[in-house]
Amino acid sequence: MPWVNAEALELRAMAKDFAQGEIRPYLEGWDAERRLPDEIFGKLAEMGFLGMSVPEDHGGLGLDLTTQLLVLEALAWGDAAVALSVAIHGGPVVRALLDHGSEAQQAMWLPKLASGEALGAFALSETDAGSDATALELEARRGPEGWTLSGRKRWVTNGDRAGLLLLFARTGEGSDGISAFLVPRDTPGIEGMGRERTLGLSASETAALDFDDVHLDDEALLGPEGQGWEIARGSLVVGRMSVAAQALGIAQAAYEHAIRYSREREQFGRALSDFGATREKLARMAQRIEESRALLLMTAGRWKVAAEEGTVLGRAGEDPLHLPASLEAAAAMAKVSASESAMWIADEAVQIFGGYGYMRDYPVEKLMRDAKGAEIYEGTNEVLRWLVARDLLHETEGS
Ligand SMILES: Cc1cc2nc3c(=O)[nH]c(=O)nc-3n(C[C@H](O)[C@H](O)[C@H](O)COP(=O)(O)OP(=O)(O)OC[C@H]3O[C@@H](n4cnc5c(N)ncnc54)[C@H](O)[C@@H]3O)c2cc1C
C-alpha cells in the first residue's frame, strides 16, 4: 500500500488486535450499562493510543496524522464510543495545544494527556449555540488576577472523566470576542449536570457542565484573547478527520457483519449472498467505504503539507492538482462522506440481517445507532455542506 507506510500498518494491526481482544468482548455490557470502565482508559494509555498525537519529547508516540486515523478507525471497529473519546482527546484538544500553547502550557499538559493522567474534552457547544457556535454565551471576565467563567456547556464528550477542558468562552462581541481556555476539570465551581441519555454511543460520556464563578489564572488563556474561534476552526479540521475515521470504523464493522451473515443465513434454500439484491448492497457498501477512506487519507496527506506551510486555514498559494476545495472544506467533506457512508451501510446491514438485525442481541442495530451521531457532532452534515459551498464560492464566514 504505497500511500500508507509500514509503521502505520503495524500500528493499525496493533489497534485492531487491541479492539478484538480488549474492546469487542465487552462492548455489549458497556452499551447496556451506559459507561466505559476506567480500565479501558488505562489499557488505551498503556498502548500509547492516548498519546498518538503528542510529540515524543512530551511523552507521546508522535505519530503522523494518517497513522492516527488508521488507529482510530481500528478502535471504532471495536467500539465507536471508545474511539470518540480518543478522537476528541487526541484530535482537537492536543492539536490546539500544539498549535497555540505556550511552552509552559505544553509542558504542563502534553505529558499528562499522553500518559492518560488527564483526558481531554472539547467544550464549545451550548444549549442555544450548536451549529452557530459563535453565538456562545459562557462568559469569561478578566479580573486583576485572572479570569472568571460563568455559564453552561452542553454535550461535552468526556465531560465528567476529563482532566482538561479546552473551553471556548465569550470575552467580547461577535466571533472575534471568543477566547480559548485550558481549564482543569477539577477547578472549584465546575459541576457536572449529569450524563445525557443518547440514542447511540451509549457508553460515551456526553455531559452538560455548569460553571459558577470559576476562577482561572492568566495562564489558562490559550493563544491571544479573541482568537478562540480561529483556534476552534483550526483544531476542528483535525477533529473532523478524526470523526471521519471513527465513522469508517463503524462502516467497516457493519460491512463485515453483513458479509458474514449473508453467507451463513439461508432462505429459499440459498444463502442470502446468492440473491442479487444482497450482492448489490454488499458491492455498494464496499464502494462507499473505499470512497470515504480514500478521501480521508488524501485529506490527511494534504493536511501534513498545509501544517508544514502554516496554511491549514485559508488557501495554499499554488495547488498543483487544482482541487476545488480548501483543506478546511476537504476535512468537512471527509467527515460528511464517512458519516453518511457509515449510516447508510449500518442501515443496509440491519436490513440484510432482517428481523434479527432489529434485535439487540445482534451487533448491527448498535452500529446504526452509533453511526447517527457522526452525522451530527463536530458540525452537522448540513452545516458542513454549507461551509463547503461557502468555500467553493470563495465567500467569507458570516456570508
Ligand atoms: C453524541 C454527541 C457528542 C457531542 N460532543 C460534543 C463535544 O464534545 N463538544 C462540543 O462542543 N459539542 C459536542 N456535541 C454537540 C454537537 O456538536 C452539536 O449538537 C451540533 O453542532 C449541532 O448543534 P445543535 O444540536 O444545537 O443543532 P442545531 O444547530 O439546532 O441544528 C438543528 C438542525 O438544523 C440544521 N441547521 C442548523 N443551522 C443550519 C443552517 N445554517 N443550514 C442548514 N441547516 C441548519 C442542523 O443541520 C440540524 O439538522 C455533541 C453532540 C452529540 C450528539
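A quick yes/no check of all residues on (1) within 16 Å of the ligand (Cβ to nearest atom); (2) modelled with pLDDT of 95 or more; (3) under 17 Å from the mean Cα position of the chain (by Cα); (4) not assigned by TED's automatic domain parsing to the domain that holds E328:
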residue: V350; (1), (2), (3), (4): no, yes, no, no
residue: G354; (1), (2), (3), (4): no, yes, no, no
residue: G357; (1), (2), (3), (4): no, yes, no, no
residue: K366; (1), (2), (3), (4): yes, yes, no, no
residue: A371; (1), (2), (3), (4): yes, yes, yes, no
residue: E375; (1), (2), (3), (4): yes, yes, yes, no
residue: N381; (1), (2), (3), (4): yes, yes, yes, no
Helices (runs of 4 or more DSSP H) (entirely within the stretch 1-62) containing at least 1 residues that are aromatic (F, W, Y) and either within 16 Å of N158 (Cα to Cα) or at pLDDT below 95 (or both): 27-33, 38-46
Residue match in the stretch 132-150 (condition: buried (at least 24 other Cβ atoms within 10 Å of the Cβ), touching a helix residue (DSSP H, G or I) at 6+ places or on another chain (Cβ under 8 Å) and hydrophobic (A, V, I, L, M, F, W, C)): no
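The values are calculated or read from the model by the stated rules, or taken from the named source; none is laboratory data. None of the values given here were measured: they were computed from a predicted structure. A quick note on method: Cβ atoms are made from the backbone with ideal geometry, for glycine too, and the neighbour counts reach across all protein chains shown.
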